[in-house]
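Just so it is clear, none of the values below were taken in a lab; they were calculated from the coordinates. Note that this is a predicted model, so its numbers are computed, not measured. Note that we place each Cβ from the backbone using ideal geometry, even for glycine, and neighbour counts take in every protein chain shown.
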Amino acid sequence: MSNAGPPSPELRDPSRRSGSAAVNDTGADAQGSDDSHRGPRARPWWLAPALTGVLSAALLAFMTWQVVERGFVIDWDWPFHEYVDARQPEGVARELLDGVASLGGQRLYTLPIVVAVGVWVAWKQRKIRVLIAVGSGLATVFFIGYWIKFSLARTAPHTGMDILHGDGQAFPSGHTANATLTWFLIATILFGAHGWRPDRRRFRQATVAACVIVFLAGALMALLDYHWLSDIPGGWLLGALALSVANAVLRVRLPWPILDWPSTRSSQRH
C-alpha cells in the first residue's frame, strides 16, 4: 500500500517551483516585486528615449528659431552656397552623386526599405511592436517635418536667394531626416536589445555604418547645392527626434499581441 500523500503545492503549480517564473512579452519577471531588492535597480525604460527626444526637440527648436531670426547658425549658408555653386560636378559624376544622395535619404527609396525590414522582423518575432515603432518614427518625420517646412517656407539655394515664406521647403532637410531615422532604426530593430537578433557587436557595426550613410547623405545634399548648410543639422535633429519616438515604442512595457502566423505544416495538412 502506497504511503504517498497529496502532491505538494510546488508539484500542483509548476509556477511555484524554485527558479520558475512567468515571463511576459516585455521580458519582465512576474516575481519582479520580490526580486527588486536583490540587485541594483534598472533604469526606467523611458529614460533614454525621453532624454534623447527632449534634447533633439530642444536643439531643433533652437535651430528653427535661429533660421527665423537670421541668427549665427545660418552665417555660413550663403558663403558655402557661393563656393559649391561654382564647383558643381557635371555629367556622369553628377548623376552618380545624385544617385548616392537619393538612395541614402530620399523617401522614395528609404520608405520601402525600412518598412520591408520592419515587416520581416515582425514576422520573425511574431509581434506587432516593430511595425508600430517604424510607423511612429515615420509619422514624426512627416508631421513635424512638414509643419516646420510649410511654416518657414525657406527657399532652396538653387533659387539664388535665401528668404522665408517664399516658394520653398528647405529647412529642415527631409532627405537627412529620412536617412537618420531609416538607417539607425534598421540597426536597432535588427541587432538592438529589442530587435530580431540582439547582438552588441553587430549593433555597433551597424551603427557605425548608419553614421557613415547619414553623414554622406547630408553632406551630398549640401555639396550638390540642394540644401543650405544649416538645413543638414536640422534634418539630423528631426531624424533623431523621430528615432527617439520609435525607440520609446520598442521599449515600452505593454502586452503586445502575438501575431499567430499560419504554419506551413498546418497548411499542408489541409
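Largest first and in whole Å, the equivalent-ellipsoid semi-axes of segment 108-159 read 31, 13, 4, each the square root of five times a Cα gyration tensor eigenvalue.
Evaluated with a Cβ-only charge set (Lys, Arg +1; Asp, Glu -1), segment 47-251 carries a dipole of roughly 1540 debye about its Cα centre, given to the nearest 20. Here the peptides 237-243, 71-77, 101-107, 118-124 are ranked by packing, the mean other Cβ count within 10 Å, and the order with the highest first is 237-243, 101-107, 118-124, 71-77. Distances between placed amide hydrogens fall under 5 Å for K127 paired with L259, all partners being 5 or more residues away or on another chain.
Note on A42 and L59: the extension gain reaches 3.3 nm, defined as 0.36 nm multiplied by sequence separation minus the Cα-Cα distance. Computed over segment 116-167, relative contact order equals 20 percent, with contacts defined as Cα pairs under 8 Å that lie 6+ residues apart.
So for segment 185-266, what are the equivalent ellipsoid semi-axes in whole Å, largest first, each being the square root of 5 times an eigenvalue of the Cα gyration tensor?
Ellipsoid half-lengths, sorted descending, are 33, 15, 13 Å.
Sorted largest first, the spans of the alpha carbon positions of segment 47-251 along the three principal axes are 52, 39, 26 Å.
Of the trypsin sites (Lys or Arg not before Pro) in segment 56-99, the ones in a loop by DSSP (not H, G, I, E or B) with at most 16 other beta carbons within 10 Å are R70, R87.
Among 182-189, 210-217, what's the highest-first ranking by average C-beta atoms within 10 angstrom per residue?
Numbers: 182-189: 25.4, 210-217: 18.6.
Those peptides, ordered most packed to least, come out 182-189, 210-217.
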